[in-house]
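As structure tokens, the structure follows; a few thoughts come after it.
The values are calculated or read from the model by the stated rules, or taken from the named source; none is laboratory data. Predicted model only: the values in this text are computed from it and were never measured. Cβ placement follows ideal geometry from the backbone for every residue including glycine, while neighbour counts extend to all protein chains displayed. The accessibility values were calculated without ligands, DNA or RNA, using every heavy atom of the protein model including side chains. Shrake-Rupley method; radii C 1.70, N 1.55, O 1.52, S 1.80 Å.
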Amino acid sequence: MELRHLRYFAAVAETGAFSRAAARLHITQPALWRQVHKLEAELGVRLFERAGRRVRATSAGEGLLLRSRELLAGVDQLAEHARAVRGGESGRLSVGGTPQVTQSVLAPFLTRYLKSRSNVDVHLVEAGGLQTLELVERGEIQLGLAVRSGHDRLAGRLLFPLRVLAAVSSRHRLADRATVDVADLQGERVLLLRQGFATREMFDGACRLDQVRVHAVLEAGDPQSLIALAEAAGGVAIVPSTVRFPDPSLHVAPILHARASLGTWGWIVWDPKRFLPAFATSFIHELVDWTRRTYPGRRFDRRAPPVTRPKA
């Protein structure tokens, strides 16, 4: 049995499809199928079964997946440690976050961070907040900027408050509000981020608690699309405070729920079981320090109650 066979097996189990796993691994689908079949023949057990158009691990496969992840994590950690010892402050750092976090937080921070670290290659991965946590847990990225629900096994540091905002055109009935209560949105046409973004999860949860019904006219992965349509079509764009607002005429207000600001805190997270090189640790410390002085949405702190700070 070779390590690459376990990597192939884990990729298929995590993606649920040979085609997606092959794309992730940069090999052909027939070659991947042959390697997995070879592993099954060597172990003498069936590792996958069909579930419609997807494949899923059998009970034997689930057990092997758990052990494979532990083994591969250990191998990756050893390789990272060897590279760090050999290269010092040089190497590759993979960081994940939402598109808006990449634009408003990572882009300006990296301009400063990389000035003194020309030998560090930072690879950015864009994903929804919940997906970012999964990428860190699977070891596909080293660091992630995301919100947390308290159910992950990751280590992390608090960064900054993240508010849920309502953006409307200057012609909208809510355009004179300093803040907008969830109840004020009853019956409104709203423009939402798709499922998987923390902003969407928080807004949906508040609406359920207050029994507020809204008319979702658009779901998108790009908050700038929501903002543009709010201005043009007159709906209410529900977006996070990490978004940039290019049109100064657009009215933006924090959303309140039960007299408190609807929102959470952003974190930078990593897997404590995986080795972090020195430049990754420096990245964490410097980002925490930088976001204490500046962060997107800070201007709303004067207009709305503070976002409840979780225990670090």
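Given the criteria within 22 Å of Ile227 (Cα to Cα) and at pLDDT below 90, does Arg244 qualify?
yes
Give, as residue ranges, the strands (runs of 3 or more DSSP E) completely inside segment 1-120 that count at least 2 residues that are of a type in the set (A, V, I, L, M, F, W, C) and modelled with pLDDT of 85 or more.
Of the strands (runs of 3 or more DSSP E) lying wholly inside segment 1-120, those with at least 2 residues that are of a type in the set (A, V, I, L, M, F, W, C) and modelled with pLDDT of 85 or more span 54-57, 91-97.
Every residue in segment 128-142 that is closer than 21 Å to Glu70 by Cβ, touching a strand residue (DSSP E or B) at 6+ places or on another chain (Cβ under 8 Å) and in contact (Cβ under 8 Å) with a residue 60 or more places away in the chain, please.
Once the filter is applied, which keeps residues that are closer than 21 Å to Glu70 by Cβ, touching a strand residue (DSSP E or B) at 6+ places or on another chain (Cβ under 8 Å) and in contact (Cβ under 8 Å) with a residue 60 or more places away in the chain, segment 128-142 yields Leu133, Val136, Gln142.
Suppose we filter segment 288-307 for residues that are surrounded by 11 or more Cβ atoms within 10 Å (Cβ to Cβ), out of contact with any strand residue (DSSP E or B) (no Cβ under 7 Å at 6 or more places or on another chain) and over 16 Å from Val252 (Cβ atoms); how many remain?
Looking only at that region, the number is 3.
Looking at segment 143-160, I want the residues that are among the charged types (D, E, K, R) and have a partner that is open to solvent by 20 Å² or more (accessible area, probe 1.4 Å) and in a strand (DSSP E or B) with Cβ atoms under 9 Å, at least 6 apart or on another chain. Which pairs are those?
Arg148/Gly156; Arg148/Thr264; Arg148/Trp265; Arg148/Trp267; Arg157/Trp267
Can you find, within segment 37-71, the residue that is farthest from Ala21 (Cα to Cα) among those that are open to solvent by less than 60 Å² (accessible area, probe 1.4 Å) and touching a Lys or Arg at 6+ places or on another chain (Cβ under 9 Å)?
In this case the residue turns out to be Ala60.
Somewhere in segment 185-200, is a residue assigned to a helix (DSSP H, G or I), loosely packed, with under 14 Cβ neighbours inside 10 Å, touching a helix residue (DSSP H, G or I) at 6+ places or on another chain (Cβ under 9 Å) and at pLDDT 90 or above?
Among the residues of segment 185-200, not one is assigned to a helix (DSSP H, G or I), loosely packed, with under 14 Cβ neighbours inside 10 Å, touching a helix residue (DSSP H, G or I) at 6+ places or on another chain (Cβ under 9 Å) and at pLDDT 90 or above, which makes the answer no.
Could you tell me whether segment 222-229 includes any residue that is of a type outside the set (S, T, N, Q), surrounded by fewer than 21 Cβ atoms within 10 Å (Cβ to Cβ) and without any contact (Cβ under 8 Å) to a residue 60 or more places away in the chain?
yes
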